[in-house]
Amino acid sequence: MDFDPTRVAFIVVSAIAVVSAFRVVTAAKIMHAALWLGLTFLMLAGVFLLMGAEFLAAAQVLIYVGAITTIILFGIMLSEAAEVRGRGAAPLPVRRDDASLFRRIVLPALAVLAFVGVMVVVYSQVSWPDAPAGLGGDTVRMIGRALFTDFIIPFELAAVLLLIALIGAIVIAVRDNGRREQG
Amino acid sequence: MVELAWLIPLLPLVAAVVIAFLGKRLPGQGDRIGIAAISMAFVLSVGVLVGVMNGGTAAGSVTWAIHGDLVLRMGWEVGGIGAVMLVVVTLVSLMVHVFSLEYMKGDVRYQRYYGVLSLFTFSMLGLVLADNLLLLFIFWELVGLCSFLLIGHWYEDLDNVRAANKAFLTTRVGDVGMFIGIMLLFSQAGSFRFDEIAAAVAAGDVAGWALAAGAILLFAGAVGKSAQFPLHVWLPDAMAGPTPASALIHAATMVAAGVYLVARAFGIFEPSDAAMSVVAWIGAITALFAATIGVVMEDIKRVLAYSTISQLGFMVAALGVGGYTAAMFHLMTHAFFKALLFLASGSVIHATGTQNMHEMGGLFKKLPITGWTWLIGAGALIGIPPLSGFFSKEEILIDAYAANPAIFWVLVAAAALTAFYTTRATYLTFFGAPRDRAAYEKAHEGGMVMTYPLIILGALAAVTGFLAGPFADLVYYGHPHRAEFNTFVFGVATVVWVAGVLLALAIYKFNLVSRRRLIQAFYPIWMLLKRRYYIDDLYNLVFVRGTIGLAMVMAWIDRTIVDGIVNGVAWATRKLSGFIGEFDLGVVDGAVNGIAGAFVVGSRLFRRVQTGLFQSYALVLFLGLVAGLVILVIGG
Amino acid sequence: MSIPLSYPLMLAAALFGIGLYGALSQRNAIRILMGIELMLNAVNINLVAFAYYLEGAAAAGQVFALFIMTVSAAEVALALAIILLLAKREKHIDIEQVNLLRW
Amino acid sequence: MYEWLLGTGMSQSLANIIMGVLKSLIIIVFLAVSALILVLMERKVAGRIQNRPGPNRLGPGGMFQTFADAIKLVSKEDVVPSGADKAVYILAPLVIFAASVALWVVIPFGPNLVVQDLNIGLIYLAAVTGINVLAFLMAGWSSNNKWSLIGSMRSAAQLVSYEIPLVLTLVAVGMMAGSLRLGDVVAAQQGGIQNWFVFPQIIGFIVFVVAGMAEANRKPFDLPEGESELVAGYNTEYSGFRWAVFFLAEYANLIVFSALATTFFLGGPSGPLLPPIVWFFIKTYAVIFVTMWIGWTLPRIRIDHLMNLGWYVLIPLALINLGWTGLYVLWRG
């Protein structure tokens, strides 16, 4: 196989993504987990870029890295959970009784392994198109057009959803403050 | 000028937005912005009307959304009826805006009031201009919202909140029907546009049942919004709002929206006989029925509210008998004289601080301008020639007489009652001896901003009747149609209004018959009217109490039966264990422990399932998914 | 000059697995949330990959991914609001001790 | 250059990589030099406004003062607080600097003088600005100091609030140009001053400048480092070279935002007689000067006022601007 920069770039980016995703789950400090999550998101933006979805890549950085990671960091700092207060504390330990260990570690691991195994089997059996069909032209325009024609109703619904989420988040987060002031 | 019609609603919208966001920082909390915008809109509307009278029409639209083959367009259209409505709405709205300057001075939510007024004006104008049912429906709901906000303007008082909720929910009942009707018509005709639906109907593309059902369902919306029987109950309660707002919304414009809707969609109604007779009869019944209640009301605004319902019934009945021009003409004249009456009553309320007519009396001397303008409005409402109401009511009666004598006689009876209660209200308010000295002494005429709108509207209420000719040339369905003067109808109408006025004077002025004796003699009827035919009570009983009762039944079931079973089991277990503990502690210890052990084991087993941890549920869910995948892979 | 389709699919499967493990095994609510975000991202990779490789799927795939981003943004906002409420009331965000649904 | 590299028998991809590295280096050097100039400019402008001469000892008119400061900073001891989260602490300035440099990728200095004219330039800008927030939070949290933490929370809140109007004005600009490519935005403003977007977009321009100043933490929006309340904000614990990087990034942000204002509203590098790049810098520095002028004239704004300004004034204005732009574009056809 000759040197194919796209492929190499993809492998490198994917590898970083997988490693940092793994660190999200295993990092001792939750702050680090969140930052690893940000790195994963960033690498996935790179993956999108390599697959011709530059608009989505930018949206990925804007939404996931810029917004979601930030909110999660805020959430960590504000929730003042035990794990955060004692900065360096390890993640809440799995309780030592056997049932919990079984449910928390063994079963999920089995489920995940089974899932990935099945997926690998499936992927290896199917014959995929070798070359990309290509996107043809300006993807930004294409997405815009699709959003305002075929997907107009989902698009409007998404707008409503965001509004509801905004109001809901404010109501949920603020409600208890008032109660505490009264109490 | 006609091409600029789309600008007219935008002006109040801009005003509404500016007042909403910046009102607090503007001089006068933004009232001037509202007035400036509505004045410009009025000037533009007059220009549009002149353009339309010279034969111009205009329409325009922008693409709203494309979904597959369906292209939704947002469009506006202005023809004769639209141009007239634009002028009426902007004019009345302008008068109300100005009048409110003094009436609402110092109100806690002055800014909000003006913001909502502007928003309402925008919505109403949008409703008038909309060229399709969907857009009309959106504005329809917007005016409903504004009405809700204004009725509940003083929401510190729970009654006002209830009234607002009642108005909103009652009209919603009609709106649901209307929405179903819109969708039904859309499914049949494939379009929301009035002209396209009418064309499809004319071409026979719409099945007969669908046409009748669609038209009647649409009319259900109009019944709600125009407060027709049986959804009229909200309008009298809506008088809880500020009086100028009532004048604008609950007398002149929004309640006329239902009539306007029927007129706008006349191409859907006209071909269906069933729909037309429903419309005609609902209108006629409402006209008579509301007039009878108006006879016994004591609150001046409620009298006017029932009068409004009755007059709207006249318009709807006129539409039902095919009197398109007559209905729209009455809509216009009614808008002016009823807005006038409401503003005059507002002036009275402002002066005396009460709404109960029995606490007024003799105010004519104190409020000469209000009194004179009220007399003009009342005369127009009764239909005294040559005031405007005479012409429009005469046209309706002529059309009804020609189409359906039964309806004609119902309307005549309503007209007689109208004369009676109007005279009664006039006399009780303005003449006779003052019944509340303190209020009488401090009563005085409002300032310029309150009297000028009255004078302008008074002049309009007096003279618009003479415009019947040009109006008929401008607003018609099919071909221009002028009501021919009919001596018989004129004679009957004159006799009944004269009789009504004389009867009221006989009772209230000359005391020929004692009021108490009258009430005693007709006590059941009086009570029936006083309780408004028990319809409100009926609704209260069936719907409100029904819902609450149902909820209580459910709560009872939940508390008694469900909880009972749970508690019973717990109680039984406790008793049982106590029993066993007391008697058999030492004797059958082993057996008891065995049973308990069995329960423990059983519950351990079963409670595994209900851990309350979503992760467990997710795990099970996912394992199921994987299992499904495995089966798919192996099987496929 | 191209990537075989199986690469992004494998990447997605791996990320999904990691995210799933995180969501199932952690006790801290925020960590669970992170796991869920990883899973959603893995789904997005699949969508984008199919949009790139399958004929005529370009717009639909990317638009779908965009919707997923929207939904997950809304989801994170709400989830964190709930977590903040939890933290204020219970002084912890240990999901194991929040079992109001139990029994 | 690119052709020359290819001429030496190098493969295309390698040439691309080398070109990329070279361009980044040029930008970094340019930023460093600009920051030096700006520091001097800032001190001079501040001096003029406060009716004092400013630095005037070292070199003609104090020109070398900044160099001396820079040398001092770089040669200082590199301290990492013992309670700090070391990895994050070290990474934070790098992230913020990387984000600042990354913004320059799409800015056209002149015709063909742009690193990579992305077709999603506007969204790219919005996306990359978002990373700054992350870096502030990293710096503040990892320092293990409550002043730093509060400062970083403040700056994050500020950035998040002001990013919304900023992105909304970007959208309006994109609507005006009918493209998200910065090259097209500049091209749409060619042909004289009357075509500059600043005229139809005057509300947008004002919102952009105010929000941009807040994004770049310029006075009077420099709350995150409000000395009187928070010592020095998120970078309290930083010193020496790392501090210098923060400092550099801040000035880089200022230049970026001024360059963006130039590109979006002032016609970018177009102008008569002088070469485009000169025009570009003239306009950019004019904007920078205005921001300094504002910053040294107005007192620092209070935190609640800052939030109110963002949410109650700038966002509604940006929305109005968006609506107006839609109407304008429709009307223009």
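Please treat every number below as a calculation from the coordinates, not as lab data. Model, not experiment: these values are computed from the prediction. Heads up, the Cβs are rebuilt from the backbone with ideal geometry, glycines too, and the neighbour counts pull from every protein chain shown.
So what is the calculated 222 nm ellipticity per residue for the protein assembly as shown, using -39500 (n - 2.57) for each DSSP H run with n of 4 or more, over all residues, to the nearest 500 deg cm²/dmol?
Result for the protein assembly as shown, helices only: -23500 deg cm²/dmol.
Lysines near D:Lys86 by alpha-carbon distance under 25 Å, same-chain residues fewer than 8 away left out - which ones?
A:Lys29, D:Lys72, D:Lys76, D:Lys146
Which of rounded, prolate or oblate describes the stretch D:185-333 when judged by the alpha-carbon gyration tensor and an a/c cut-off of 1.5?
It is oblate, given that a/c is not under 1.5 and a/b is not larger than b/c.
Given contacts defined as C-alpha pairs under 8 Å and at least six residues apart, what's the relative contact order of the stretch D:23-131, whole-number percent?
18 percent
Aspartates and glutamates within cross-link reach of B:Lys24: Cα-Cα under 12 Å, excluding same-chain residues under 8 positions apart?
none
Between the stretch B:91-121 and the stretch B:380-418, how many Å separate their Cα centres?
34 Å
What are the chymotrypsin sites (Phe, Trp or Tyr not before Pro) within the stretch D:261-333 that DSSP puts in a loop, where the Cβ has at most 12 other Cβ atoms within 10 Å?
Sites meeting the loop and neighbour criteria: none at all.
Nearest 20 debye, what's the magnitude of the dipole of the stretch B:311-466 about its Cα centre given +1 on Lys and Arg Cβ and -1 on Asp and Glu Cβ?
The dipole magnitude comes to about 360 debye.
Is the C-alpha gyration tensor of the stretch B:367-465 telling us rounded, prolate or oblate? Criteria: a/c under 1.5 is rounded; beyond that, a/b larger than b/c is prolate, otherwise oblate.
It is oblate, given that a/c is not under 1.5 and a/b is not larger than b/c.
Calculate I(q)/I(0) for the stretch B:87-130 by the Debye formula, one identical point scatterer on each C-alpha and no solvent, and give its log10 at q = 0.20, 0.21, 0.33, 0.34 Å⁻¹ to two decimals.
Treating every Cα as an identical point scatterer, log10 I(q)/I(0) equals -0.64, -0.69, -1.16, -1.19.
What does the structure give for D:116-124 when I average, per residue, the other chain Cβ atoms found within 10 Å of the residue Cβ?
Mean inter-chain Cβ contacts per residue within 10 Å come to 4.
Of all alpha-carbon pairs in the stretch B:42-86, indicate the percentage at a distance above 15 angstrom.
51 percent
Going by Cα centres, the stretch B:126-162 and the stretch D:100-164 are how many Å apart?
45 Å
Do any of B:Lys442/B:Lys530; B:Lys225/B:Lys301; B:Lys365/B:Lys442 go past 22 Å between their Cα atoms, and which?
Distance filter (> 22 Å) returns B:Lys442/B:Lys530.
What is the calculated FRET efficiency for D:Phe289 to D:Phe67, with r their C-beta to C-beta distance and R₀ = 25 Å, to the nearest 0.05?
The value I calculate is 0.70.
Which lysines, on any chain, are close to D:Lys219 with Cα under 21 Å apart, when same-chain ones fewer than 8 places away are left out?
Counting by Cα, and skipping residues close in sequence, D:Lys219 has these lysines nearby: D:Lys44, D:Lys283.
Treating only the Cβ of Lys, Arg, Asp and Glu as charged (+1, +1, -1, -1), what charge dipole size does chain C show about its Cα centre? Round to the nearest 20 debye.
400 debye
Given D:Val245, B:Ile151, B:Ile268, which one lies farthest toward the positive end of the charge dipole of the protein assembly as shown, if we put +1 on the Cβ of every Lys and Arg and -1 on the Cβ of every Asp and Glu?
B:Ile151
To the nearest Å, what is the center-to-center distance of the stretch D:29-60 and the stretch B:247-315, using C-alpha atoms only?
Rounded to whole Å, the Cα centres lie 78 Å apart.
Please average, across the residues of A:11-21, the number of beta carbons from any other chain that are within 10 Å of each residue's own beta carbon, and give a whole number.
Averaged over the peptide's residues, the number is 4.
How far apart, in nm, are the 7 Å Cα→Cβ label points at D:Trp324 and A:Ile170?
2.5 nm
For chain B, what relative contact order do you get, as a whole percent, if you take Cα pairs closer than 8 Å and at least 6 residues apart?
Taking the mean separation of contacting Cα pairs over the length of chain B, I get 11 percent.
Based on the Cβ-Cβ distance from D:Val74 to D:Val21, what FRET efficiency comes out when R0 is 25 Å, to the nearest 0.05?
My answer for the efficiency is 0.65.
With a bin width of 10 angstrom, please list the P(r) values of the stretch B:1-75 as percents of all Cα-Cα pairs, from the 0 bin to the one holding the largest distance.
Over the stretch B:1-75, the share of Cα pairs per 10 Å bin runs 18, 31, 27, 20, 4, 0 percent.
Over chain D, what relative contact order in percent results from Cα pairs under 8 Å that are six or more residues apart?
Taking the mean separation of contacting Cα pairs over the length of chain D, I get 22 percent.
Toward the positive end of the charge dipole of chain B, about the Cα centre and with charges on Cβ (Lys, Arg +1; Asp, Glu -1), which of B:Ala200, B:Val296, B:Ala378 goes farthest?
B:Val296
Would you please give the residues with an amide H less than 5 Å from that of B:Arg193, counting only those at least 5 places away or on a separate chain, with H modeled from the backbone geometry?
Those lying under 5 Å, H to H, from B:Arg193 are B:Leu133.
Which value, in debye to the nearest 20, gives the size of the charge dipole of the protein assembly as shown about its Cα centre, when Lys and Arg are +1 and Asp and Glu are -1 at the Cβ?
Here the protein assembly as shown has a charge dipole of around 2900 debye.
From the Cα gyration tensor of the stretch B:418-532, with a ≥ b ≥ c the square roots of its eigenvalues, which class applies: rounded if a/c is under 1.5, or else prolate if a/b is larger than b/c, or else oblate?
Verdict is oblate for the stretch B:418-532.
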